[in-house]
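Only one structure is covered here, and it is reproduced in the block below.
The values are calculated or read from the model by the stated rules, or taken from the named source; none is laboratory data. Treat the numbers as computed from the prediction; the structure is a model and nothing was measured. Heads up, the Cβs are rebuilt from the backbone with ideal geometry, glycines too, and the neighbour counts pull from every protein chain shown.
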Amino acid sequence: MDFRLSERQEEIRATARRIAETVVAPRAAAIDRDGVYPEDLFEAFRDAGLLRLAFPEEYGGTGDGMMGLVLAVEEVAKYCSSAGLLLLTTRLATSGLLIAGTPEQKDHYVRGVAEGRLRGCFALTEPETGSDSAAITTTATRDGDEYVIEGAKLWAGQATAADFAMVVAKTDPAAGSRGVSAFLVDLPNPGFRIVRQLPKMGVLGVPVVEIHLDQLRVPASALLGEENRGFKLVMRHLNVVRPLVAARGVGLAAGAVEYALAYAEQRHTFGQPIVEHQAVGFPLANLAIEIEAARLLTYRAAWLVDQGGSDRDIAHFLSMAKAMASEVAIRAADRALQTLGGIGYLKDYPTERYYRDARQLTLVEGTSEIHRLIILRAMRDGLLSWGYDVEAAGGLPSGRPTTVPDGLVMA
Ligand SMILES: Cc1cc2nc3c(=O)[nH]c(=O)nc-3n(C[C@H](O)[C@H](O)[C@H](O)COP(=O)(O)OP(=O)(O)OC[C@H]3O[C@@H](n4cnc5c(N)ncnc54)[C@H](O)[C@@H]3O)c2cc1C
């Protein structure tokens, strides 16, 4: 076992860190204040080659896999969660394409995203359903050489800047999860109407929207994968993206804690730096432990995706990384704000922004509750086990004693 990064991975980290420190960090507060999509960051990422990281070379990528992109997302998310999300959308828009796209679809969309010519968004969630994604009510009906899509979508981060959307709809509404299909919709399209930008709490550089799909017509060639087989595809698509959400959490947590530590070294109360008060210092040390644990889970998750293991075998490890890192980010942001005392609450300093941005992480790409369902299911199915033999430990209690031991005096 070797926990070190390769030379190439160190190089990716160094490049991403340079961009994070020189381009992202100076813009982070203004992106949050103005709530405007940071086109300049997108260009900087493209010019530094960061958009290409998680794509195969045959489609314009660098072939550095999920691990390469995880390293980059972690670095930029230390300073700006919107920037981390922006980088993540390269795969949020295309993971399904890499799994099930035709060579033509991949050559157009994946290459376009890798080269920074195209941007995509992912539209699954609806006003009436999120976690229970098989319950979506958007429909796609075949009409000659086209499909007509009708319904509504909520969220779809980056839709306002997108050149295409992966839209999930029911092609056989009576068949539940066996009637779901995915489509690649080129934008703009008059049937894809953004009706409202949602007023959210954080990550304000990447808008989320409400979309009405009114008689949205797409050619039959827009179908991604097979008709009615889209549910599994969407689940696999989401699985693959989880290490990237985890990397946003790890980055945010690390940024928040390092900021708080620097402040705690400098701020004095009762004649000493506040870091010397154990009530201030120890929580930061606790968070260091949690960040490293989340980071290891995240790197392993990325590695598992890059190994191409079956979903059934790895989904729970991806869920662990995502759940852990997003929850650590919330705890770290909370503690960082507390460490700064009153000024941590001011918009003049990043802790208030970290606090709002972190809160998003346990909601997106599967809530923490849904990840626990995935983990528990794997435990109960024997996919996740640490090799404990209950029989070797004497078996389980039967529930009621069968014999009264000799000498036991009943009161
Ligand atoms: C900022 C932001 C960006 C987003 N971006 C996108 C995007 O780009 N594309 C997209 O398609 N979606 C996006 N989403 C939507 C996101 O994926 C959903 O919000 C998420 O899946 C949860 O769905 P929901 O909000 O409908 O909550 P619900 O599914 O209604 O859940 C409500 C609560 O109940 C809990 N719950 C539900 N079912 C169970 C259960 N079986 N057991 C235990 N607890 C349960 C949930 O964990 C949650 O706490 C985004 C959301 C946010 C906040």
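Computed values, structure above
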item	result
Count of segment 342-359 residues which are crowded, with 21+ Cβ neighbours inside 10 Å and within 11 Å of the ligand (Cβ to nearest atom)	1
Boolean, Asp132 is more than 11 Å from the ligand (Cβ to nearest atom) and more than 23 Å from Tyr37 (Cβ to Cβ)	no
Residues that are within 16 Å of the ligand (Cβ to nearest atom) and aromatic (Phe, Trp, Tyr), drawn from segment 144-190	Trp155, Phe164, Phe183
Residues satisfying the stated conditions in segment 241-269, i.e. β-branched (Val, Ile, Thr) and surrounded by 24 or more Cβ atoms within 10 Å (Cβ to Cβ)	Val241, Val245, Val250, Val257
Filter result for Gln197 (surrounded by fewer than 21 Cβ atoms within 10 Å (Cβ to Cβ) and either within 15 Å of the ligand (Cβ to nearest atom) or among the charged types (D, E, K, R) (or both))	yes
Every pair of residues 6+ apart whose Cβ atoms lie under 8 Å, when the first sits in segment 323-337 and is at pLDDT below 95 while the second is of a type outside the set (Val, Ile, Thr) and not in a helix (DSSP H, G or I)	none
Failed item in (1) away from the ligand (no atom under 13 Å from the Cβ); (2) at pLDDT below 95, with Ile99 passing the rest	(2)
Residue that is nearest to Gly205 (Cα to Cα) [pool: residues in segment 21-43 that are among the small types (Gly, Ala, Ser) and surrounded by fewer than 19 Cβ atoms within 10 Å (Cβ to Cβ)]	Gly35
Val203, sole failed condition from (1) within 16 Å of the ligand (Cβ to nearest atom); (2) on the phi < 0 side of the Ramachandran plot	(2)
Selected residue (criterion: farthest from the ligand (Cβ to nearest atom)) from residues of segment 360-388 that are crowded, with 20+ Cβ neighbours inside 10 Å and polar (S, T, N, Q)	Thr362
Residue match in segment 191-209 (condition: touching a residue at least 60 places away in the same chain (Cβ under 8 Å), outside the structural domain of Ala301 (by TED's automatic domain parsing) and assigned to a strand (DSSP E or B))	no
Lone unmet requirement of (1) within 25 Å of the chain's Cα centre (by Cα); (2) away from the ligand (no atom under 15 Å from the Cβ) for Val209	(2)
Failed condition for Leu216, given (1) free of Cβ contacts under 8 Å to residues at least 12 places away in the same chain; (2) part of a strand (DSSP E or B)	(1)
Test: Ser82 is within 16 Å of the ligand (Cβ to nearest atom) and either modelled with pLDDT under 95 or not β-branched (Val, Ile, Thr) (or both)	yes
Which numbered condition His237 fails, given (1) more than 19 Å from the chain's Cα centre (by Cα); (2) surrounded by 15 or more Cβ atoms within 10 Å (Cβ to Cβ)	(1)
Residue in segment 80-95 that is part of a helix (DSSP H, G or I), more than 21 Å from Ala123 (Cα to Cα) and out of contact with any Gly (no Cβ under 6 Å at 6 or more places or on another chain) present	no
Failed item, numbered, when Ile136 is tested on (1) touching a Leu at 6+ places or on another chain (Cβ under 8 Å); (2) under 30 Å from Ala28 (Cβ atoms); (3) crowded, with 18+ Cβ neighbours inside 10 Å	(2)
Selection from segment 47-81 of residues that are under 16 Å from Ala254 (Cα atoms) and either in the same structural domain as Arg300 (by TED's automatic domain parsing) or hydroxyl-bearing (Ser, Thr, Tyr) (or both)	Tyr79, Ser81
Long-range neighbours under 8 Å by Cβ, at least six apart or interchain, first residue over 23 Å from Ala336 (Cβ atoms) and among the hydrophobic types (A, V, I, L, M, F, W, C) within segment 357-372, second modelled with pLDDT of 95 or more and near the ligand (Cβ under 9 Å from one of its atoms)	Ile370/Ser131
Output for segment 172-204, where each listed residue is over 13 Å from Asn228 (Cβ atoms) and among the acidic types (Asp, Glu)	Asp186
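Listed here are the residues, each with its yes/no results for (1) within 30 Å of the chain's Cα centre (by Cα); (2) charged (D, E, K, R).
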| position | (1), (2) |
| --- | --- |
| Arg242 | yes, yes |
| Ala247 | yes, no |
| Val250 | yes, no |
| Glu276 | no, yes |
| Glu290 | yes, yes |
